[in-house]
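Q: Let me give you the structure first, and then I'll get to my questions.
The values are calculated or read from the model by the stated rules, or taken from the named source; none is laboratory data. What you are looking at is a predicted structure, and each value in this text was computed from that prediction instead of being measured. All Cβ positions, even for glycine, are placed from backbone atoms using ideal geometry, and neighbour counts span all protein chains on display.
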Amino acid sequence: MFRRILIANRGEVAVRIIRTLREMNIESVLVCSEADRDSLAAMMATRAVCIGPDRASESYLKQEVILETAKRLGCEAIHPGYGFLSENADFAENCRKCGLVFIGPDPEVIRLMGDKQAARSLMEASGVPVVPGSRGLVRDPEQALRAAEDIGYPVLLKASAGGGGKGIRAVTCREELPEAFRSAAAEADAAFGDASLYLEKQILSPRHIEVQLLADRSGTVAALGERDCSLQRNHQKLLEESPALFLSPELKKQMEVAAVRAAKAAGYTSAGTVEFLLDRNGRFYFIEMNTRLQVEHPVTEALTGLDLVREQIRIAAGLPLQWGGEEETRCSTGHAIECRINALGPGRVEALHFPGGPGVRVDSWIYAGCRITPFYDALLAKIIVTGKTRLEAVRRLRRALEELVVEEVQTDAAFLHLLTYHREFLKGGADTGFWERNHEEIERWMKEGAAEHEA
């Protein structure tokens with residue numbers, strides 16, 4: 001087992017990793033920017049090293065500085081968390097060249113699955129259903145127009161190197177496509193340094209279902225159940241839960257089998273997630289594989305009792321999964337929901353109170369007195385609740401959101417609290433179009449509530 005691991009990340013996920021390393025009696029080295037010198041992660045790590053200015057491009061994305069720091073301080077492995085360099089195949093390869101273990105899949109696998117068009121082709125060849133789309137990349141608007149005519153509108157233009165909702169444009173008719181192509185390509189180039197696009201049929205108002213996997217070096221792949229991540233705003237997830245409602249045992253098993261097949265086809269190791277779209281007729285389609293730890297991984301941990309970070313580290317050290325059985329599904333009971341609390345702007349946290357009590361977990365990096373800067377993502381905390389039933393979990397989430405206090409920094413907690421009262425959410429019918437259909441109604445509730453409070 002490793003003695004010392006460098007964490008190439010910040011914020012909530014860095015804190016999350018440090019906690020597991022402490023329990024495993026492994027020393028943690030945290031690299032941080034100037035803005036994060038006084039962060040909670042920097043205080044918790046065995047050692048924190050400032051490697052650059054505030055902007056990520058000058059600190060958290062500086063591969064050579066991170067690798068030099070790891071070697072100089074005697075680290076044996078690097079955990080990339082999520083975001084930043086976590087799905088950067090070149091970084092994983094450079095770790096290998098430096099004699100460091102990258103805690104994640106091999107660089108060849110990251111590169112393969114990060115190329116969305118190559119991943120589609122592999123899935124098709126492996127018998128995993130994919131959304132109908134273009135045969136390869138679409139190089140210019142004219143080629144995209146021809147492909148769209150063959151597939152039929154509406155379609156999605158998607159960045160081949162994409163992720164996080166960047167480089168995606170919905171196109172409903174021929175006239176919209178040329179400008180959408182230019183816009184998507186420009187955003188993809190800015191976000192990933194790669195303007196390549198491909199085209200898919202747009203599945204209207206689908207459910208977004210993902211299957212969590214663990215795979216070790218011996219070839220054993222375990223499915224850990226599914227998460228419903230349909231509640232999204234601009235392709236960014238707001239709330240995730242498990243199990244997914246209205247997913248029959250037979251369909252659940254089919255999706256798990258497809259996810260395991262996808263991982264085996266790619267030669268995958270470590271923790272990973274296969275994402276599917278589920279249409280109104282019960283047909284599901286592969287959309288991508290996330291070759292890293294997911295933000296919403298605590299949902300699976302809450303139901304299975306596993307520590308996925310610990311499992312990642314064990315697999316990276318060459319150890320097998322801790323339970324037997326080829327392609328085994330880890331059993332889970334109850335219902336779990338994760339709610340992401342995001343800042344709506346920079347500021348200073350003057351007072352802070354997190355919820356607690358039975359069935360409530362909070363993963364966060366903030367504390368009273370800390371500053372929320374504009375340099376990084378807006379995620380402040382994740383509230384994870386469990387219950388014997390979905391209704392119990394929903395009520396617990398409401399109570400937790402009511403207890404949450406983050407003074408002098410605006411968050412979306414009030415919006416999310418009201419969302420849990422919406423009839424469509426309560427019925428379990430929310431799909432990826434929920435926010436577009438309902439956000440104005442929920443925002444009106446907020447204004448009405450504020451007016452009543454002032455009166």
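Q: If you check Ala77 against the conditions, is it at pLDDT 95 or above, within 23 Å of His297 (Cβ to Cβ) and touching an Asp or Glu at 6+ places or on another chain (Cβ under 9 Å)?
A: Values: at pLDDT 95 or above: yes; within 23 Å of His297 (Cβ to Cβ): yes; touching an Asp or Glu at 6+ places or on another chain (Cβ under 9 Å): no.
No.
Q: Tell me whether segment 289-301 contains one or more residues that are more than 30 Å from Ile5 (Cβ to Cβ) and touching an Asp or Glu at 6+ places or on another chain (Cβ under 8 Å). I'd like the intermediate steps shown before the answer.
A: Of the residues in segment 289-301, the ones more than 30 Å from Ile5 (Cβ to Cβ) are none.
No, because not a single residue in segment 289-301 is more than 30 Å from Ile5 (Cβ to Cβ) and touching an Asp or Glu at 6+ places or on another chain (Cβ under 8 Å).
Q: Does segment 165-176 contain any residue that is surrounded by fewer than 17 Cβ atoms within 10 Å (Cβ to Cβ), assigned to a loop (DSSP other than H, G, I, E, B), of a type outside the set (Ser, Thr, Tyr) and under 22 Å from the mean Cα position of the chain (by Cα)?
A: So far as segment 165-176 goes, yes, one or more of its residues are surrounded by fewer than 17 Cβ atoms within 10 Å (Cβ to Cβ), assigned to a loop (DSSP other than H, G, I, E, B), of a type outside the set (Ser, Thr, Tyr) and under 22 Å from the mean Cα position of the chain (by Cα).
Q: Evaluate the following for Leu112: is it closer than 20 Å to Val274 by Cα, among the aliphatic types (A, V, I, L, M) and within 20 Å of the chain's Cα centre (by Cα)? Outline the logic, then answer.
A: Working: closer than 20 Å to Val274 by Cα: yes; among the aliphatic types (A, V, I, L, M): yes; within 20 Å of the chain's Cα centre (by Cα): yes.
For Leu112, the condition - closer than 20 Å to Val274 by Cα, among the aliphatic types (A, V, I, L, M) and within 20 Å of the chain's Cα centre (by Cα) - is met.
Q: I'm trying to understand the selection: among the residues of segment 232-286, which are in contact with a helix residue (DSSP H, G or I) (Cβ under 6 Å, 6 or more places away or on another chain), over 21 Å from Arg111 (Cα atoms) and of a type in the set (S, T, N, Q)?
A: Of everything in segment 232-286, just one residue is in contact with a helix residue (DSSP H, G or I) (Cβ under 6 Å, 6 or more places away or on another chain), over 21 Å from Arg111 (Cα atoms) and of a type in the set (S, T, N, Q), namely Ser242.
Q: Looking at Leu404, Leu418, Leu391 in this structure, which one is surrounded by fewer than 16 Cβ atoms within 10 Å (Cβ to Cβ) and among the hydrophobic types (A, V, I, L, M, F, W, C)?
A: On the way: Leu404 fails: surrounded by fewer than 16 Cβ atoms within 10 Å (Cβ to Cβ); Leu418 fails: surrounded by fewer than 16 Cβ atoms within 10 Å (Cβ to Cβ).
Every option except Leu391 fails the conditions.
Listed here are the residues, each with its yes/no results for (1) without any contact (Cβ under 8 Å) to a residue 60 or more places away in the chain; (2) farther than 24 Å from Arg16 by Cα.
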site: Ala381; (1), (2): no, no
site: Lys388; (1), (2): yes, yes
site: Ala393; (1), (2): no, no
site: Arg399; (1), (2): yes, no
site: Val405; (1), (2): yes, no
site: Glu408; (1), (2): no, yes
site: His417; (1), (2): yes, yes
site: Lys427; (1), (2): yes, yes
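Q: Condition first: aromatic (Phe, Trp, Tyr) and under 25 Å from Leu379 (Cβ atoms). Can you find one or more residues in segment 243-254 that meet it? Give the derivation first.
A: As a first pass, look at segment 243-254 and keep what is aromatic (Phe, Trp, Tyr): 246.
This time we only want the ones that are under 25 Å from Leu379 (Cβ atoms), so: none.
The answer is no; no qualifying residue exists.
Q: Test each condition in (1) closer than 22 Å to Arg233 by Cβ; (2) in contact with a strand residue (DSSP E or B) (Cβ under 9 Å, 6 or more places away or on another chain) for Ala190 and report the one that comes out false.
A: (2)
Q: So Ser39 ticks every box in (1) farther than 25 Å from Glu311 by Cβ; (2) among the polar types (S, T, N, Q); (3) without any contact (Cβ under 8 Å) to a residue 60 or more places away in the chain but one. Which box is left unticked?
A: Of the numbered conditions (1) farther than 25 Å from Glu311 by Cβ; (2) among the polar types (S, T, N, Q); (3) without any contact (Cβ under 8 Å) to a residue 60 or more places away in the chain, the odd one out for Ser39 is (3).
Q: I need a count of the residues in segment 352-363 that are in a strand (DSSP E or B) and surrounded by fewer than 14 Cβ atoms within 10 Å (Cβ to Cβ). Step through it out loud before you land on a result.
A: At the first step, the residues of segment 352-363 found to be in a strand (DSSP E or B) are 352-353, 360-363.
Going one step further and asking which of them are surrounded by fewer than 14 Cβ atoms within 10 Å (Cβ to Cβ), we end up with 353.
Selection size over segment 352-363: 1.
Q: Suppose we filter segment 401-442 for residues that are among the acidic types (Asp, Glu), farther than 22 Å from His335 by Cβ and touching a strand residue (DSSP E or B) at 6+ places or on another chain (Cβ under 9 Å); how many remain?
A: Restricting attention to segment 401-442, the residues satisfying the condition of being among the acidic types (Asp, Glu) are 402-403, 407-408, 412, 424, 431, 436, 440-441.
This time we only want the ones that are farther than 22 Å from His335 by Cβ, so: 407-408, 412, 436, 440-441.
From the residues that got through so far, the ones that are touching a strand residue (DSSP E or B) at 6+ places or on another chain (Cβ under 9 Å) too are 407-408, 412, 436.
Total satisfying the criteria: 4.
A quick yes/no check of all residues on (1) of a type in the set (Asp, Glu); (2) modelled with pLDDT under 95; (3) in contact with a Ser or Thr (Cβ under 8 Å, 6 or more places away or on another chain); (4) outside the structural domain of Tyr285 (by TED's automatic domain parsing):
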residue	(1), (2), (3), (4)
Asn234	no, yes, no, no
Pro243	no, no, yes, no
Leu251	no, no, no, no
Ala258	no, no, no, no
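Q: Being within 18 Å of the chain's Cα centre (by Cα), at pLDDT 95 or above and buried (at least 21 other Cβ atoms within 10 Å of the Cβ) narrows it down to one residue among Ile384, Ile366, Ile315; which is it? Outline the logic, then answer.
A: Numbers: Ile366 fails: within 18 Å of the chain's Cα centre (by Cα); Ile315 fails: within 18 Å of the chain's Cα centre (by Cα).
Result of the check over Ile384, Ile366, Ile315: Ile384.
Q: For a quick check of your reading of the model, give me the residue pairs whose first member lies in segment 44-67 and is under 18 Å from Arg16 (Cα atoms), whose second is aromatic (Phe, Trp, Tyr) and surrounded by 15 or more Cβ atoms within 10 Å (Cβ to Cβ), with beta-carbon atoms closer than 6 Å and at least 6 apart or on different chains.
A: Taking only residues 6 or more apart or on different chains, the pairs are Tyr60/Phe84.
Okay, residues lined up against (1) more than 25 Å from Leu112 (Cβ to Cβ); (2) touching a Leu at 6+ places or on another chain (Cβ under 9 Å); (3) modelled with pLDDT of 95 or more:
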site: Val155; (1), (2), (3): no, yes, yes
site: Lys158; (1), (2), (3): no, yes, no
site: Val171; (1), (2), (3): yes, yes, yes
site: Ala191; (1), (2), (3): no, no, no
site: Asp194; (1), (2), (3): no, no, no
